[in-house]
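The structure under discussion appears below in the form of structure tokens.
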Amino acid sequence: MSNTITQSLLTKIAKIKMLICDVDGVLTDGTIFMGSGNIELKRFSVIDGAGFFLAKAGGLKLAVISGRYSPATELRLKELPIDAVYNGTVNKLEPYQSIKSEFGLSDDEIAYVGDDLIDIPVLNLVGLPIAVENAYAPVKKRAAYVTKKRGGEGAVREVIDLLLEGQQKFKLALKNLEKD
């Protein structure tokens with residue numbers, strides 16, 4: 001449980017082909033505003049959103065598995081270049097196995113960012129388990145990397161930058177973005 005870049009971490013990063021993220025507490029700060037008339041509001045970081053475009057330009061596959069269905073999540077994710085979305089699945093192992101099969105990946109080719117107990121079964125399988133800074137303590141214990149930033153405050157962008165830099169694809173991703 002560290003945010004130190006070690007040779008062991010770089011070895012894991014080199015194998016990653018896909019990044020999978022949780023939503024509440026990872027892409028958001030975990031706060032949900034509920035109002036009358038089924039109004040639901042969440043705060044997403046545009047820095048994370050831009051990171052998804054950068055990751056895609058760097059050749060990474062992207063997926064999201066959210067334990068709680070949310071129309072706000074659905075709207076936000078439609079704006080991003082995400083390859084697979086599971087919005088409202090408490091048992092995250094089933095969608096994880098589906099994603100892995102659909103994209104022909106092995107566990108060691110996948111990084112996962114989580115923050116709470118329902119993320120642990122997937123974190124225990126992936127090649128690069130990551131926790132956000134504000135994650136629940138048992139999640140941090142299972143992480144090979146803990147972000148410096150909190151969920152909803154650029155933590156996912158930190159992870160994307162880490163992956164692209166670690167794979168020496170950051171400059172390529174920037175060039176690819178310029179082409180679009």
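Read-outs throughout are calculated quantities, based only on the coordinates presented, and are distinct from any laboratory measurement. Given the structure is predicted, the values throughout are model-derived calculations rather than measurements. With ideal geometry, Cβ positions are generated from the backbone for all residues, glycine too; neighbour counts draw on all protein chains shown.
Structure data summary
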read-out: Single unsatisfied condition, residue 77 versus (1) assigned to a loop (DSSP other than H, G, I, E, B); (2) touching a strand residue (DSSP E or B) at 6+ places or on another chain (Cβ under 6 Å); (3) not β-branched (Val, Ile, Thr); value: (1)
read-out: Residue match in the stretch 93-105 (condition: under 21 Å from residue 29 (Cβ atoms), in contact with a strand residue (DSSP E or B) (Cβ under 9 Å, 6 or more places away or on another chain) and surrounded by fewer than 19 Cβ atoms within 10 Å (Cβ to Cβ)); value: no
read-out: Qualifying residue in the stretch 46-68 (condition: of a type in the set (S, T, N, Q), in contact (Cβ under 8 Å) with a residue 40 or more places away in the chain and either in contact with a strand residue (DSSP E or B) (Cβ under 9 Å, 6 or more places away or on another chain) or within 22 Å of residue 162 (Cα to Cα) (or both)); value: yes
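One line per residue, one yes/no per condition, for (1) assigned to a helix (DSSP H, G or I); (2) among the hydrophobic types (A, V, I, L, M, F, W, C):
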site: 49; (1), (2): yes, no
site: 55; (1), (2): yes, yes
site: 59; (1), (2): no, no
site: 62; (1), (2): no, yes
site: 65; (1), (2): no, yes
site: 89; (1), (2): no, no
site: 95; (1), (2): yes, no
site: 98; (1), (2): yes, no
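Every residue, every condition in (1) in contact with a strand residue (DSSP E or B) (Cβ under 7 Å, 6 or more places away or on another chain); (2) crowded, with 19+ Cβ neighbours inside 10 Å; (3) within 17 Å of residue 21 (Cβ to Cβ), yes or no:
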site: 111; (1), (2), (3): yes, yes, yes
site: 115; (1), (2), (3): yes, yes, yes
site: 120; (1), (2), (3): no, no, yes
site: 124; (1), (2), (3): no, no, yes
site: 133; (1), (2), (3): yes, no, yes
site: 139; (1), (2), (3): yes, yes, yes
site: 149; (1), (2), (3): no, yes, yes
site: 175; (1), (2), (3): no, no, no
